[in-house]
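Novice: One structure follows; several queries about it will come next.
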Amino acid sequence: MIKESSSGESTPTHGGRVRHRKRSSNEVPPDMNKSTEPNLLVNDRHKYKSMLIRTYSSLWMIGGFALIIYMGHLYICAMVVVIQIFMAKELFNLLRRGNEARHLPGFRLLNWHFFFTAMLFTYGRFLSQQLVNTVTSDKLLYKLVSGFVKYQMFICYFLYIAGFMWFILTLKKKMYKYQFSQYAWTHMILLMVFAQSSFTVANIFEGIFWFLLPASLIVINDIAAYFFGFFFGKTPLIKLSPKKTWEGFIGASVTTMLSAFVLANIMGRFQWLTCPRKDLSTGWLSCDPGPLFKPEFYSLQEFFPGWFPWKEIPILPVQWHALALGLFASIIAPFGGFFASGFKRAFKIKDFGDSIPGHGGITDRMDCQMVMAVFAYIYYQSFVRPQDFTVEMILEQILKNLSFQEQQVLYEQLGKIREYAADPYIFGFMAKFNFGDFV
């Protein structure tokens, strides 16, 4: 007698009975891949229940995200670190096999050693200037932090070499293949998690605007694609992700482009979002927003009749940049999700985890966000940020290349220059020969 089950594989036992292997909650049953019917949302009998669960989880996530944005830059960075830890945990567990792991009790700790070494290296490079600016009032702490900034690469390299030696010393006979595969998998995870999401932290300190707008566009694109596919999706988009449809893709693209233009105008009016943060404090910000966030007025009289109530429309220059971000979020960023779908199919799993009801794991939500964060950073550095030497850039070079005694000498020399500039005769002489820019 054969007993059927949809929750696992069958194996024959005594008496003709079938024994079933228990399947994990995020594993894909093999019958799903054999079905010839399009696996679209419009054909899903449980789609309304799934939609309610996803909506409930999304509202909680959006509410928590808004609270963290209000709390400020440092709390947003802490959120990014927590997300990275959860992503690393999900990915570390993906290829871990229980039998081999039991014979290597310290191997999981080694994975996390490499993870936190990579975190120290990445954030030490991105946040060195903000860290120094935070401790300038304390002489001893300033010297310690300056020393860390100067020798940060050496410290991280030493920590990595210590982990490398640790790995070599823990190699065991008959487990070489498993250990080396885990070693390579760990480094791939570090590349995926830090090489992309670390750019998110850099965007945050350039102004929350450059973090919030790209992240919001990915969320809007994902929600719009889901609902357009939910109600209108009939044409499959890509085999890697069977529930994705052309109707959802096109509808989400139009929605994202319009949202980018509108959201940039709304967010660009708040200094809390547009001002860069120069240190790690949490106080309120006030700054000159710059020309990107000052409205320019465009006349509408040439396009509309005289009775039209609005004669001109204010547009922030940053809104044109937002269109470029919206275009990328609509066309290119979804390929991060397709990559993740192909990755999950290769390992025959439905989701990377189950920490978010209706959504899967943290990694399932961050696939497109990581691609978008890199583009937002590169776009800002290439087309938005002024390409000149700033005070922060000069200070960073001073801290990295000069000793504390040399910094004191430089400070004294700058003081003398200020004294010379205060003398009206010397100041007039310098102004005559265009030396004023150096004071």
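Novice: Any chance you could count how many residues in the stretch 354-395 are buried (at least 18 other Cβ atoms within 10 Å of the Cβ) and on the phi > 0 side of the Ramachandran plot?
Specialist: 1
Novice: Further question: Which numbered condition trips up V145, out of (1) within 30 Å of Y48 (Cβ to Cβ); (2) hydrophobic (A, V, I, L, M, F, W, C); (3) open to solvent by less than 50 Å² (accessible area, probe 1.4 Å)?
Specialist: The number of the failed condition is (1).
Novice: Moving on to the next point. If a residue has to be of a type outside the set (D, E, K, R), buried (at least 18 other Cβ atoms within 10 Å of the Cβ) and over 25 Å from F383 (Cα atoms) to count, how many in the stretch 301-349 make the cut?
Specialist: 4
Novice: If the requirement is being in contact (Cβ under 8 Å) with a residue 12 or more places away in the chain and open to solvent by 50 Å² or more (accessible area, probe 1.4 Å), which of these qualifies: M257, M267? Talk me through it step by step, then tell me what you get.
Specialist: Numbers: M267 fails: open to solvent by 50 Å² or more (accessible area, probe 1.4 Å).
Going through M257, M267 in turn, the sole match is M257.
Novice: Could you count how many residues in the stretch 233-250 are in a helix (DSSP H, G or I) and either among the small types (G, A, S) or at pLDDT below 85 (or both)?
Specialist: At the first step, the residues of the stretch 233-250 found to be in a helix (DSSP H, G or I) are 246-250.
Adding the requirement that they be either among the small types (G, A, S) or at pLDDT below 85 (or both) leaves 248.
Here the count works out to 1.
Novice: What do you reckon, is K400 exposed (fewer than 10 other Cβ atoms within 10 Å of the Cβ) and at pLDDT below 80?
Specialist: Details: exposed (fewer than 10 other Cβ atoms within 10 Å of the Cβ): no; at pLDDT below 80: yes.
In short, no.
The values are calculated or read from the model by the stated rules, or taken from the named source; none is laboratory data. All figures in this text were calculated on a predicted structure; none of them were measured in a lab. Neighbour counts are summed over all protein chains in view; Cβ atoms, including those assigned to glycine, are modelled from backbone coordinates with ideal geometry. Ligands, DNA and RNA are stripped out before the accessible areas are found, and what is left, the full protein with its side chains, is counted by its heavy atoms. Shrake-Rupley method; radii C 1.70, N 1.55, O 1.52, S 1.80 Å.
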